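Encoded as structure tokens, the structure appears first; notes follow it.
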Amino acid sequence: MAIGTADRVIAVNGVELAVDDRNPDSPAIPLVLVHGFTGARIDWTDVIDELARDRRVVAWTHRGHGDSTNTADPSSYSFEQLTYDMVAVTDELGLGRFHLLGHSMGGIVAQRYVLTHSERVASLVLMDTLGEPSDGIPKAWIDQIVATGRNEGMGRVGELMAQFAGEDPAIADRVRWKHSNMDVEAFDALGTELTLFPSMLDDLSATVSVPTTVLVGENDIPLRSFADGLHGAVAHSRLVVIPDAAHSPQEENTDAWLSAVRDHLERAERMEGTEETEGMDGTEGTEESERPGV
């Protein structure tokens, strides 16, 4: 498939990361989008320009993924390193304070970031993600995919994964491209870490005070309970369930996802400089609940 060229490439921490940077001159608070495991900046293709109508929006491809550097070095792939890369990218782009949305593994990176750089996060969206380790990705499956990647190439992995991408050929093409261009060492190291990283729920409960929305597709069965856990951990957070969507609601139910994200941004910016902690009215087309303060 034809993948659009990144808006820019940034050299940080010994790698080059492909970055999309839309509407960079907007005076509004920027929005940073962080993709997940096996993803890339193209995960936001259907929504980034719409979101950038009224603010700067930044997304990049993690090391070991897509059109960023593949190091072939397993020691260079960890959630800690991805968080260091995020610090470097946002510094390089001059992003002082911003709204932060993390998807899946990108949500773990976003949580790590807000726990150490809370002064720079204006609000937080945790999307189809988890704050504690999961056994939902069996190690045997990771090992099987890694063996295929090493023996037959990640192009073969891309072909296999595209078969499970649903009926939309554009989405299947994206899945094929992302897996085909992923470093097999990143797949191994980061996939394994998803099952092993320490829980952040207590730290989130003690630290996070910015407006937070936990967003999840109603059919993302493996992560639905983890969304409840995050919602329970963060005081005054909202839980928003996107109907007719699974793990990537920005692609599966774009209009409802955009409505939920815009509602979150409007709520967060209404709360700027106030003590407001109450939720706004429900988002049309979604199921929503508010977690009270403690």
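Annotations
- Of everything listed in (1) out of contact with any helix residue (DSSP H, G or I) (no Cβ under 8 Å at 6 or more places or on another chain); (2) hydrophobic (A, V, I, L, M, F, W, C); (3) surrounded by 18 or more Cβ atoms within 10 Å (Cβ to Cβ), the single unmet condition for Ala88 is (3).
- Hits in the range 134-174 (condition: farther than 18 Å from Phe226 by Cβ, in contact (Cβ under 8 Å) with a residue 12 or more places away in the chain and polar (S, T, N, Q)): Thr148
- Pairs with Cβ under 9 Å, 6+ apart, first in the range 118-133 and more than 15 Å from Leu194 (Cα to Cα), second acidic (Asp, Glu) and surrounded by fewer than 24 Cβ atoms within 10 Å (Cβ to Cβ): Ala122/Glu269; Ala122/Glu272; Ser123/Glu269
- If only residues of the range 144-179 that are of a type in the set (D, E, K, R) and within 24 Å of the chain's Cα centre (by Cα) are counted, the one that is farthest from Ser68 (Cα to Cα) is Glu167.
- Selection count, the range 21-56, where residues are within 15 Å of Met86 (Cβ to Cβ) and either of a type in the set (Ser, Thr, Tyr) or in a strand (DSSP E or B) (or both): 5
- Residue, surrounded by the fewest Cβ atoms within 10 Å (Cβ to Cβ), within the range 115-170, restricted to residues that are among the aliphatic types (A, V, I, L, M) and in a loop (DSSP other than H, G, I, E, B): Ile137
- Lone unmet requirement of (1) at pLDDT below 95; (2) in contact with a strand residue (DSSP E or B) (Cβ under 6 Å, 6 or more places away or on another chain) for Ser123: (1)
- One residue alone among Ala110, Ala72 is closer than 24 Å to Thr195 by Cα and in a helix (DSSP H, G or I), and that residue is Ala110.
- Screening Leu82 against (1) in a helix (DSSP H, G or I); (2) touching a helix residue (DSSP H, G or I) at 6+ places or on another chain (Cβ under 8 Å); (3) of a type outside the set (Val, Ile, Thr); (4) surrounded by fewer than 20 Cβ atoms within 10 Å (Cβ to Cβ) leaves a single unmet condition, (4).
The values are calculated or read from the model by the stated rules, or taken from the named source; none is laboratory data. For clarity, every value in this text was computed on a predicted model and none was experimentally measured. With ideal geometry, Cβ positions are generated from the backbone for all residues, glycine too; neighbour counts draw on all protein chains shown.
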